[in-house]
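So the structure is just underneath, and the comments pick up after that.
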Amino acid sequence: MAIENEEDFLQDISLAEEEEYGDEEYTEDELELDALRAERDALKDKWMRALADAENSRKRSERDRREAESYGGSKLARDLLPVYDYLKRGLEVATDEQREVAAALIEGVELTMREVVNVFKKHGIEPIVPQIGDRFDPQDHEAMFEAPIPGTKAGDIIQVMAEGFMLHDRLLRPAQVGVSSTPG
């Protein structure tokens, strides 16, 4: 009985397949047309991928060009920061007596300092100038030391050793500061 049911089952499957697929035979032209359609679809897919890849390459090269234009001189700018620091320190330590004796020299240093600042601004370099009493910000400041100073809260800037600088939106050099460690 089980064998009869199995044969009936197999016969039912054969009949169902014939109904679904039919006994049609494809002509050679139809088979060739199907092959050509498949080849066309594959070539169209390759073409679309190549087009998308070319567009992505164009966008990437444009972004790299803009970045190189904005940040390409960052190494040179970083190397010029000590020059700025030395000029600033030189002007800060000059006494009134020295300013009278070497007025022309001091004026030349001031003009040089002004020109350095103008060149920095022209190229998107902006100073970070923290003030005593500001909160320490690890994104813009570098703590050079901590000291307990009465009348301050922990994390307050108590001394500025060197200004920091930003190149557009990137940190070129953090401001070097001393920070209070007095518990608040």
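Inside the range 133-156, can you point out the residues that are under 10 Å from SER181 (Cα atoms) and buried (at least 18 other Cβ atoms within 10 Å of the Cβ)?
Once the filter is applied, which keeps residues that are under 10 Å from SER181 (Cα atoms) and buried (at least 18 other Cβ atoms within 10 Å of the Cβ), the range 133-156 yields THR152, ASP156.
Name the pairs: first residue in the range 69-87 and assigned by TED's automatic domain parsing to the domain that holds ARG114, second residue modelled with pLDDT under 85 and basic (Lys, Arg), Cβ to Cβ under 9 Å, at least 6 apart or on different chains?
none
Taking ASP96 as the residue in question, decide whether it is within 31 Å of the chain's Cα centre (by Cα) and not aliphatic (A, V, I, L, M).
No, not satisfied.
Let's see how each residue does on (1) farther than 23 Å from TYR86 by Cβ; (2) in contact with a Phe, Trp or Tyr (Cβ under 9 Å, 6 or more places away or on another chain); (3) among the basic types (Lys, Arg):
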position	(1), (2), (3)
PRO150	yes, no, no
GLN159	no, yes, no
PHE165	no, yes, no
ARG170	yes, yes, yes
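The values are calculated or read from the model by the stated rules, or taken from the named source; none is laboratory data. Keep in mind the model is a prediction, meaning the values are calculated, not measured. All Cβ positions, glycine included, derive from the backbone under ideal geometry; neighbour counts span all protein chains shown.
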